[in-house]
């Protein structure tokens, strides 16, 4: 799981930049089209959660306890929830929500592995 956390962290940080640019474009598009849509703001929140989750994922990859994995599951779970709940005109949020859901599930699997090895 150490390798997964490193790769996931790096990819999430890189995706942060892409999501941030897309959310700015979605916000600009909704402003120019006079559409009252919050998907640009939701995209910004997902981007920040991806950046935070990526940093935490890299930082806790060597950790023996489950605290880092719990933090990862919360961060990526919030990103998945926002991504699936508020797509609006920013349809790619569902894709980013899917990536966040995968990371959350893998964090749960790591929590399960660590709790079984402790007992």
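The values are calculated or read from the model by the stated rules, or taken from the named source; none is laboratory data. Keep in mind that this is a model prediction, so the values were computed, not measured. Cβ coordinates were reconstructed from backbone atoms using ideal geometry, including for glycine residues, and neighbour counts include every protein chain displayed.
Within segment 61-87, the set of residues being in a loop (DSSP other than H, G, I, E, B), in contact (Cβ under 8 Å) with a residue 40 or more places away in the chain and either more than 14 Å from residue 106 (Cβ to Cβ) or touching a strand residue (DSSP E or B) at 6+ places or on another chain (Cβ under 6 Å) (or both) comprises 62, 64, 65, 86, 87. Looking across segment 26-60, just one residue is touching a residue at least 60 places away in the same chain (Cβ under 8 Å) and surrounded by 17 or more Cβ atoms within 10 Å (Cβ to Cβ), and that is 26.
For the condition under 25 Å from residue 114 (Cα atoms) and either assigned to a helix (DSSP H, G or I) or touching a strand residue (DSSP E or B) at 6+ places or on another chain (Cβ under 9 Å) (or both), what is the one hit in 45, 49?
Numbers: 45 fails: under 25 Å from residue 114 (Cα atoms).
Answer to the check: 49.
Please specify each residue of segment 7-25 satisfying the condition of being within 30 Å of residue 63 (Cβ to Cβ) and exposed (fewer than 14 other Cβ atoms within 10 Å of the Cβ). Correct list: 7, 10, 14, 17, 18.
Considered as a group, the residues in segment 63-96 that are within 15 Å of the chain's Cα centre (by Cα), surrounded by 17 or more Cβ atoms within 10 Å (Cβ to Cβ) and under 13 Å from residue 22 (Cβ atoms) include one that is modelled with the lowest pLDDT, and that residue is 87.
Among the criteria (1) crowded, with 20+ Cβ neighbours inside 10 Å; (2) at pLDDT below 90; (3) over 25 Å from residue 30 (Cβ atoms), the one residue 107 does not fulfil is (2).
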